[in-house]
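Have a look at the structure below before the remarks.
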Amino acid sequence: MELFLDSLLEGINLLVALDRYILEVILLSLRVSGTAVLIAVVIGLPLGLWLGLARFRGRGVLAALVNTGLGLPPVVVGLVVYMMLSRRGPLGFLELLYTPGAMTGAQVLIAGPYVTAITMAAVGSIPRDLRQQALGLGASRIQALWLVVREARVSIMAAVVAGFGAAISEVGAVMMVGGNIATAGSNETRTMTTAIVQETGMGHYERALALGMILLLIAFAVNVFLTRNQEGVGGRWLKS
Amino acid sequence: MFVSLMVLGLVAALGVRCGGDEDREAGSGGELILASTTSTRDSGLFDLLLPAFSEANPEYRVKLVAVGTGEALRLGERKDADALLVHAPEAEREFVSNGYGTERRKVMYNDFVVVGPGDDPAGAELSSSAPAAFTDIAESGAPFYSRGDDSGTHKKELAVWEEAGMDPGGAWYSETGQGMGSTLRVTSEKQGYTLTDRATFLNLEANLDLTVLVEGDPLLFNQYGVIPVAGAHNQEGAQAFAAWITSGAAQELIADYGEEEFGRALFVPNAQ
């Protein structure tokens, strides 16, 4: 119990002091995971719509593959991306390894299946009649599709939230392709999760737990922001 | 939906069964938790030592937890480990004098080496000593990767910088905060320099584009010690392990480790 109390105090301490190091680590986590989710949405949303609405041979296999992607261990994603980007790997010439770019790429592969799978399930559960009726009433294909997206917007927002949660909380991939590097005291590729692993390894349990609490707090704030927007600005935009 | 739940239930049941079987195999001496460092595990030595210990003492089942030196000591303080095998003599002595360990016995040593790219832009290979090599690296501005994790290896690196009369910092000096294997991988990819224990380096050398540049400096000596944790859950087992690893039989195993695979011994046993 004492450990948790100490961690809570340490967490408050870290937040109040908010030194440059902690701030840089938090900002990098947000930047990497935020960009990754954005890219995952750009790819996963249309893919999920297509898999959820279209009817074609092999759709079941593709859907099962996407769902399997939900169980993909981040460390395996990290290993594969590492082998691609390594100096001895096929994409080594890009010199992306141990940069935030590589970390973002790996997290796209982690968040992607979440966005795709949940979108797929969401639009798949909207009655097919809705689109047929809209088309029958003279709506264009795009307008009919938009109608389905609007109906499923709450679930689609859940897909984005789940993708972000998966990205910001994973450690296996960012550790592997990011390297948890800090240079001359300033942050290069250290995220909140890799910093937690490091502090734990050093036996600094209080600091590690405190960072964990800050991570939760930030995830909470982002979720509140996203779900409020779903009812507010974003929701209005979708309803118009 | 119903079928999916059935399948899930089956998978879970299978998992429970397997776990149960394993538990029944536990010996009468019980489970012994040994906390050691990731670099010791990465050296491959445990793959030889732990089966040999189990053969000599079949009543104990050893669980190896490979963590950072700091965490290993912390696990000991909290009595979550029964015995420690680490390589940070000063921290170990403090651990014992604070009453967390019953004693500290020397087990073996290996050495650290300075590794870097084959073309050696900093000219570190020409240096007569480790501190001189570090000075050359710093002055050339070539990238240096530090463990930065308060591990035994990190402490040794800081000792070398101190000997060189330098306080490392600047755009060329990075910290990975990770284990030796990961740090070597980063160093190789970025074609920089680092300080590593020889055992881990030899184990990973085939996948690295790095060469040994400085070795043999007495400063690069890496002493391992074993500590039974005071008031540990399995105190008897901890004592048995400490006694065994410092015994003639274990010391001989340690002396031979590496000859076959690397053509040279990786550790020098020096238990008294």
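Which residues, taken from the stretch A:121-143, are under 26 Å from A:Asn67 (Cβ atoms) and in contact with a helix residue (DSSP H, G or I) (Cβ under 6 Å, 6 or more places away or on another chain)? Within the stretch A:121-143, A:Ala122, A:Val123, A:Gly124, A:Ile126, A:Arg131 qualify.
Considering only residues that are without any contact (Cβ under 8 Å) to a residue 40 or more places away in the chain, of a type outside the set (A, V, I, L, M) and assigned to a loop (DSSP other than H, G, I, E, B), which ones fall in the stretch A:60-97? The answer is A:Gly71, A:Ser86, A:Arg87, A:Arg88, A:Gly89, A:Pro90, A:Glu95. Just one of the listed residues (B:Gly216, B:Gly248) is more than 19 Å from B:Thr69 (Cβ to Cβ), free of Cβ contacts under 8 Å to residues at least 12 places away in the same chain and surrounded by fewer than 16 Cβ atoms within 10 Å (Cβ to Cβ), and it is B:Gly248.
Looking across the stretch B:58-77, the residues that are within 18 Å of B:Arg147 (Cα to Cα) and either in a strand (DSSP E or B) or more than 7 Å from chain A (Cβ to nearest Cβ) (or both) come down to B:Ala66, B:Val67, B:Thr69, B:Ala72. Going by what's in this entry, would B:Thr153 be described as assigned to a helix (DSSP H, G or I), away from chain A (no Cβ under 12 Å) and in contact with a Lys or Arg (Cβ under 6 Å, 6 or more places away or on another chain)? So B:Thr153 fits the description; yes. B:Gly181 meets the conditions (1) out of contact with any Ser or Thr (no Cβ under 9 Å at 6 or more places or on another chain); (2) within 14 Å of chain A (Cβ to nearest Cβ); (3) part of a helix (DSSP H, G or I) in every case but one. The failed one is (1).
State whether one or more residues within the stretch B:141-148 are of a type outside the set (Phe, Trp, Tyr), more than 13 Å from chain A (Cβ to nearest Cβ) and either touching a strand residue (DSSP E or B) at 6+ places or on another chain (Cβ under 6 Å) or touching a residue at least 24 places away in the same chain (Cβ under 8 Å) (or both).
Within the stretch B:141-148, the subset of a type outside the set (Phe, Trp, Tyr) is B:141-143, B:146-148.
Next, only the ones that are more than 13 Å from chain A (Cβ to nearest Cβ) stay: B:142.
Still in the running and either touching a strand residue (DSSP E or B) at 6+ places or on another chain (Cβ under 6 Å) or touching a residue at least 24 places away in the same chain (Cβ under 8 Å) (or both): B:142.
Yes, the stretch B:141-148 contains a residue that is of a type outside the set (Phe, Trp, Tyr), more than 13 Å from chain A (Cβ to nearest Cβ) and either touching a strand residue (DSSP E or B) at 6+ places or on another chain (Cβ under 6 Å) or touching a residue at least 24 places away in the same chain (Cβ under 8 Å) (or both).
B:Leu213 satisfies every condition listed in (1) in contact with a helix residue (DSSP H, G or I) (Cβ under 6 Å, 6 or more places away or on another chain); (2) assigned to a helix (DSSP H, G or I) except (2). Helices (runs of 4 or more DSSP H) fully within the stretch A:149-217 that include at least 2 residues being surrounded by fewer than 22 Cβ atoms within 10 Å (Cβ to Cβ): A:153-169, A:192-201.
Tallying residues that are under 28 Å from A:Phe225 (Cα atoms) and among the aliphatic types (A, V, I, L, M) within the stretch A:131-162 yields 13.
The set of residues in the stretch B:41-57 being within 15 Å of B:Val226 (Cα to Cα) and in a helix (DSSP H, G or I) consists of B:Arg41, B:Phe46, B:Leu49, B:Leu50, B:Phe53.
Quick one: would you say B:Thr196 is within 25 Å of B:Arg264 (Cβ to Cβ), β-branched (Val, Ile, Thr), away from every other protein chain (no Cβ under 14 Å) and outside any loop (DSSP other than H, G, I, E, B)? Write out each step before concluding.
On the way: within 25 Å of B:Arg264 (Cβ to Cβ): yes; β-branched (Val, Ile, Thr): yes; away from every other protein chain (no Cβ under 14 Å): yes; outside any loop (DSSP other than H, G, I, E, B): yes.
Criteria met by B:Thr196.
Listed here are the residues, each with its yes/no results for (1) farther than 30 Å from B:Leu208 by Cβ; (2) not in a loop (DSSP other than H, G, I, E, B).
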{"site": "B:Asp80", "(1), (2)": "yes, no"}
{"site": "B:Arg93", "(1), (2)": "yes, yes"}
{"site": "B:Met108", "(1), (2)": "no, yes"}
{"site": "B:Asp111", "(1), (2)": "no, yes"}
{"site": "B:Val114", "(1), (2)": "no, yes"}
{"site": "B:Asp120", "(1), (2)": "no, no"}
{"site": "B:Glu125", "(1), (2)": "no, yes"}
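Can you tell me which residue in the stretch A:178-223 is farthest from the other protein chains (Cβ to nearest Cβ), limited to those that are hydroxyl-bearing (Ser, Thr, Tyr) and farther than 23 Å from A:Ser86 by Cα?
Quick first cut of the stretch A:178-223, residues hydroxyl-bearing (Ser, Thr, Tyr) only: A:183, A:186, A:189, A:191, A:193-194, A:200, A:205.
Then drop every residue that is not farther than 23 Å from A:Ser86 by Cα, which leaves A:186, A:200, A:205.
Working: A:Ser186: 9, A:Thr200: 6, A:Tyr205: 7 Å.
Here the answer is A:Ser186.
Here is a yes/no grid of residues against (1) β-branched (Val, Ile, Thr); (2) more than 21 Å from B:Thr37 (Cβ to Cβ); (3) more than 14 Å from chain A (Cβ to nearest Cβ); (4) in contact with a Pro (Cβ under 8 Å, 6 or more places away or on another chain):
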| position | (1), (2), (3), (4) |
| --- | --- |
| B:Ala206 | no, yes, no, no |
| B:Gly216 | no, yes, yes, no |
| B:Leu219 | no, no, yes, yes |
| B:Glu259 | no, yes, yes, no |
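Does A:Val161 fit the bill of being at pLDDT 95 or above, within 15 Å of the chain's Cα centre (by Cα) and of a type outside the set (Lys, Arg)? When the stated conditions are applied, A:Val161 does not pass them.
The values are calculated or read from the model by the stated rules, or taken from the named source; none is laboratory data. Note that the structure is predicted; figures quoted are calculated from it, not measured. Positions of Cβ are backbone-derived with ideal geometry, glycine not excepted, and every protein chain shown enters the neighbour counts.
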